[in-house]
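The values are calculated or read from the model by the stated rules, or taken from the named source; none is laboratory data. Only a predicted model underlies this, so the values are computations on that prediction, with no experimental measurement involved. A quick note on method: Cβ atoms are made from the backbone with ideal geometry, for glycine too, and the neighbour counts reach across all protein chains shown. Only protein heavy atoms, including side chains, enter the accessible area calculation; ligands, DNA and RNA are left aside. Shrake-Rupley method; radii C 1.70, N 1.55, O 1.52, S 1.80 Å.
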Amino acid sequence: TGADVVINGSSSPAVVDRSNESIKHIKPASFRWRHNQTLSLKIRKQILKFLDAEKDISVLKGTLKPGDIIHYVFDRDSTMNVSQNLYELLPRTSPLKGKNFRTCAIVGNSGILLNSGCGREIDAHSFIIRCNLAPVQEYAWDVGMKTDLVTMNPSVIQRAFEDLVNETWREKLLQRLHNLNGSILWIPAFMAKGGKERVEWVNELILKHRINVRTAYPSLRLLHAVRGYWLTNKVHIKRPTTGLLMYTLATRFCNRIYLYGFWPFPRDQNQNPVKYHYYDSLKYGYTSQASPHTMPLEFKALKTLHQQGALKLTVGVCG
Ligand code: CTP
């Protein structure tokens, strides 16, 4: 298996442009990764000072009622009312209550996954997290098929499902939701005002078609808490990406964390082009201009944790 060889490629780092800065000095293929349990537990404890994944993963039914007013986390002046549908879909208890998994896979959406053959390895983990309803079926060999938790930024409805303009797109989304088959659908509904209608459409579809998913809507304090943790550790992120959020949450309930599809660079270590997403044609400029994310900075932090054995980052092919 590829268990020992994590970051493949030549032993001399081939770095040309500045966007690849943080992949400099990446460990050569002979670097043997070892899990550092002491460090993992220490990180879990530190993160618990800022947030509790068990609680912050979702607002619970008992804490809200229909009609309640919520101020958006990033647009404090804008508000939303808790709709009847949203209320119905709030979980009664945390979907992660008392959970503890031996190994977890967090699958990011980088094109680095293409031709990786990591599907089998990913599917072998005890708990599998994916981001933004990324498609799996057509890419199973590289990304696997199983999903235990999948995130959905409201913008995905616009970007990947054409804002449900017609029946074809509604069907496409419905199919994707049906395929989730009981897994957790994690929707950041209280972050930005732009997502209002999109969240409502999805909530409505889930109820109307009795889709078998366990919905979760992250707490209002989650993002700031995650940012706070990383800032304390001198990682100056503007707004944590979904991938980093998932890692931060996973430290609470996963003993070993394996990351795939994290590669926010347009070229791989051998200078071959890498797509921004493995499944669409979104371009890299998107991260620097429109997005408040600082993915390369996050990547650098994750790479350090990989080298220390707190997590395992796979950016090459799987064995
Ligand atoms: N990711 C990465 N390299 C890429 C693309 C994605 O490392 N080239 C990771 C990031 O951690 C990202 C996650 O995979 O958060 C999921 O990808 P995407 O759906 O693009 O993430 P978002 O952070 O949600 O981006 P956006 O806010 O623009 O929707």
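Measuring nothing but how far apart in sequence close Cα pairs (under 8 Å, 6+ apart) lie, relative to its length, region 129-201 scores a relative contact order of 34 percent. Dividing the mean sequence gap of close Cα pairs (under 8 Å, 6+ apart) by how many residues the chain holds gives a relative contact order of 28 percent. Note on region 165-242: with charges restricted to the Cβ of Lys and Arg (+1) and Asp and Glu (-1), its dipole about the Cα centre is near 360 debye.
Once the piece of chain linking A192 and V165 is laid out straight, how much longer is it, given 0.36 nm per residue of separation minus the C-alpha distance between them?
On the way: separation 27, 0.36 × 27 = 9.72 nm, distance 2.16 nm.
Length difference between fully extended and current span is 7.6 nm.
Residues within the reach of a label modelled at V317 (point 7 angstrom out along Cα to beta-carbon, backbone nitrogen below 19 Å), restricted to region 102-118, are 111-118. The solvent-accessible area of S58, taken with every protein chain present and a 1.4 Å probe, is close to 10 Å². Taking the chain as a Gaussian network of alpha-carbon nodes connected by springs under 10 Å, the highest mean-square fluctuation of the residues H209, H178, H236 belongs to H209.
Toward the positive end of the charge dipole of region 132-188, with +1 on the Cβ of Lys and Arg and -1 on the Cβ of Asp and Glu, the farthest Cα among I184, N166, N153 is that of I184.
The accessible-area ordering, largest first, of the residues F101, F74, F161 stands as F74, F101, F161, per a 1.4 angstrom probe. Rolling a 1.4 Å probe over the protein heavy atoms of the chain, with every protein chain left in place, gives an accessible area that is 50 percent carbon and sulfur. Which entries of K61/K99; K65/K208; K172/K208; K196/K283 show an alpha-carbon separation above 24 angstrom in the structure shown? With Cα atoms farther than 24 Å apart: K196/K283. Remark: spin-label model distance N100-N115 equals 4.3 nm, labels positioned 7 Å along the Cα→Cβ axis. When T79, T248 are compared by accessible area at a 1.4 angstrom probe, the order from most to least is T79, T248. Between L60 and T304, the contour length at 0.36 nm per residue exceeds the Cα-Cα span by 84.3 nm. Length available on full extension from R92 to H178: 0.36 nm per residue minus the Cα-Cα distance, which gives 28.8 nm. Take every DSSP beta bridge whose two residues both sit in the chain; close to 20 percent of them are antiparallel. Amide H contacts of I128 (H built 1.01 Å from N, in plane; Pro and chain starts excluded): A105, D148, L149 sit under 5 Å, all sequence-distant by 5 or more or on other chains. The simple spin-label model puts a point 7 Å past each Cα toward its Cβ; for W141 and L282 those points are separated by 2.5 nm.
Each peptide in 45-51, 299-305, 61-67 receives the mean, over its residues, of other Cβ atoms within 10 Å, and ordering these scores from highest gives 299-305, 45-51, 61-67. Averaging Cα coordinates gives a centre for region 218-257 and one for region 303-319; these two points are 18 Å apart. Note that the chain presents 47 Å² accessible area per residue, ligands and nucleic acids not counted, probe 1.4 Å.
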